[in-house]
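None of the figures in this text is laboratory data; all of them are computed from the coordinates on show. Please read all numbers here as calculations on a predicted model, not as lab measurements. Positions of Cβ are generated from backbone atoms using ideal geometry, with glycine treated the same way; all protein chains shown enter the neighbour counts.
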Amino acid sequence: MIDVLGSRDETARNAAGWSVCLAELDKVVAGAAADGPHADTAAWEPFYDAYVADGVPSGAPVPGRPQP
């Protein structure tokens with residue numbers, strides 16, 4: 001899988017989104033109920049915050065979050 005970014009500052013945002021998608025896929029593979037990656041829009045925030053804390057490039061607009 002390849003995710004082509006429009007700019008470097010999209011990295012943390014997109015990685016957080018993919019982390020949520022893959023977590024939901026993991027539920028399906030395990031036979032558990034999954035609500036889909038967009039069911040809980042706050043689910044990506046811990047991933048995003050962790051990526052930013054680890055120094056992953058960030059700064060792209062995030063819907064629903066104030067821009068710096």
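The residues on offer are Asp35, Asp26, Asp9, and the sole one that is in a helix (DSSP H, G or I) and either under 10 Å from the mean Cα position of the chain (by Cα) or free of Cβ contacts under 8 Å to residues at least 12 places away in the same chain (or both) is Asp26.
The set of residues from region 30-63 being loosely packed, with under 12 Cβ neighbours inside 10 Å, of a type outside the set (Asp, Glu) and more than 12 Å from Arg13 (Cα to Cα) comprises Ala30, Gly31, Ala32, Ala33, Gly36, Ala39, Thr41, Ala42, Ala53, Gly55.
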